[in-house]
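The values are calculated or read from the model by the stated rules, or taken from the named source; none is laboratory data. Computed from a predicted model, the values in this text were never measured in an experiment. Glycine gets a Cβ as well: all are built from the backbone with ideal geometry, and neighbour counts include every protein chain shown. These accessible areas exclude ligands, DNA and RNA; they are computed on the full protein's heavy atoms, side chains included. Shrake-Rupley method; radii C 1.70, N 1.55, O 1.52, S 1.80 Å.
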Amino acid sequence: GAGGGDEEDEQRRMLDILFANAGSEEEGVRNVVAECLGLLAVGDAASLAPRLAEKVSAENDARTRATSVLAMKYAALALGHSSDDSSALPVFASVLPKFVGSIPLRDEDRDVRRAAVQTLSAAAHARPELARPILADALPAVFEQTVIDKSSVRVVDLGPFKHTVDDGLELRKAAFECCDTLLDACLPADSLANGGESVSGCASGYVAALVTGLGDHYDVKMVSHALLAKLATRPGASTVLLQRLKELVDPMGKTLTAKLKGDAVKQEIDRNEDLVRSCLRAVDACEAHLAGASNDPAFAEFIAKTVNGERTAAKYAAIKAEAKAADKE
């Protein structure tokens, strides 16, 4: 009817406003813009999804690129909740690589890379079938984001003391969470099989990420412990895990023996307890499921001297009992 033109004008005006604010300096504004664009893209996938994809590949402003990538995260989340989206799915399947493929994942801007990692996580969680075909291209680039980038660490001089700020931490944390989500959602138990794995070099990429992640910041360690516990149960990852077991054990040993400062407050003590417990759960998973681990000299010594040392022996016994009870359920 006659009202159609008005409605189109209305939508065009709305899109103009959203795109005008996609590069806003305020992160809060950019997030709202991304969410609006994502929901509009689900309703009008055929015209809006390609437009967003073009922004990601052709836009000079990094903030606008990041916002356009994040729009697809919100679109994926919306697709996951709705059952009636048959027309949008094929469109998203064809454009998704432009948002979460190796090109945006290797963007020169850290925020664009983080947006791509988060969007890949959301897509894998909401619609694994959309993410699976992209993994061979995307996964190596996701692994690259797990590495500590020395150039993103800066020291802020606060007069009496210096404070180290790691601008790359949020990206690394998001990358490890993405690795975790992909393992659960898109890489079935048999896909890490040796040699002929469905995603090339996947197990070795995961284990290499863990070698750094297990010694990284608190937040990254927590995700790394959970990831190691899952990988230990995957027969396809066992060869690589056994090859690099000593490198995995060393940072975990440091985590278990770290001494808190004498003036540590209750919150720090509790956080450290959580960290030790999450580490011991990963150790238990290796001991229980990773065939051949007990024959590894470094692992055997780690269990005997560190894990069953006086500081953590009782905690480890409790963790093992918990895990046994959970297995029985």
Condition test on residue 84, is it open to solvent by 10 Å² or more (accessible area, probe 1.4 Å) and at pLDDT 95 or above?
-> no
Residue 57 vs. criteria open to solvent by 10 Å² or more (accessible area, probe 1.4 Å) and touching a residue at least 24 places away in the same chain (Cβ under 8 Å) = yes
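For residues in segment 131-159 being aliphatic (A, V, I, L, M) and over 17 Å from residue 180 (Cα atoms), which is surrounded by the most Cβ atoms within 10 Å (Cβ to Cβ)? Even if it seems obvious, please write down each step before you answer.
Applying the first criterion (aliphatic (A, V, I, L, M)) to segment 131-159 yields 131, 134-136, 138-139, 141-142, 147-148, 153, 155-156, 158.
Those left that are additionally over 17 Å from residue 180 (Cα atoms): 148, 153, 155-156, 158.
On the way: 148: 16, 153: 13, 155: 9, 156: 9, 158: 8.
Looking at the filtered set, the residue picked out is 148.
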Of the conditions (1) touching a Lys or Arg at 6+ places or on another chain (Cβ under 9 Å); (2) assigned to a helix (DSSP H, G or I); (3) open to solvent by 30 Å² or more (accessible area, probe 1.4 Å), residue 32 fails just one. Which one is it?
-> (1)
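Among the helices (runs of 4 or more DSSP H) lying completely within segment 230-309, list those that include at least 1 residues that are out of contact with any strand residue (DSSP E or B) (no Cβ under 7 Å at 6 or more places or on another chain), under 30 Å from residue 182 (Cβ atoms) and of a type in the set (S, T, N, Q).
Working: elements: 238-243, 245-257, 266-289, 297-301.
The helices (runs of 4 or more DSSP H) meeting that bar are 238-243, 245-257, 266-289.
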Among all residue pairs at least 6 apart or on different chains, which show Cβ distances below 8 Å where the first residue, located in segment 97-117, is surrounded by fewer than 17 Cβ atoms within 10 Å (Cβ to Cβ) and among the acidic types (Asp, Glu) and the second is outside any helix (DSSP H, G or I) and at pLDDT 95 or above?
-> none
Just for segment 252-285: of the residues that are touching a Leu at 6+ places or on another chain (Cβ under 8 Å) and loosely packed, with under 13 Cβ neighbours inside 10 Å, which one is nearest to residue 307 (Cα to Cα)?
-> 269
Any residue in segment 229-242 that is among the basic types (Lys, Arg) and in contact with a Leu (Cβ under 9 Å, 6 or more places away or on another chain)?
-> yes
Could you say whether any residue in segment 3-21 is on the phi < 0 side of the Ramachandran plot, open to solvent by less than 60 Å² (accessible area, probe 1.4 Å) and under 26 Å from the mean Cα position of the chain (by Cα)?
-> no
With respect to the numbered conditions (1) surrounded by fewer than 21 Cβ atoms within 10 Å (Cβ to Cβ); (2) among the hydroxyl-bearing types (Ser, Thr, Tyr); (3) closer than 16 Å to residue 119 by Cα, which one is the sole condition not fulfilled by residue 74?
-> (1)
Filter segment 286-308 for residues that are farther than 17 Å from residue 235 by Cα and without any contact (Cβ under 8 Å) to a residue 40 or more places away in the chain; which is least open to solvent (accessible area, probe 1.4 Å)?
-> 303
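Answer yes or no as to whether residue 249 is open to solvent by less than 50 Å² (accessible area, probe 1.4 Å) and within 24 Å of residue 305 (Cα to Cα). Quick ask: steps written out before the conclusion?
Working: open to solvent by less than 50 Å² (accessible area, probe 1.4 Å): yes; within 24 Å of residue 305 (Cα to Cα): yes.
The answer is yes for residue 249.
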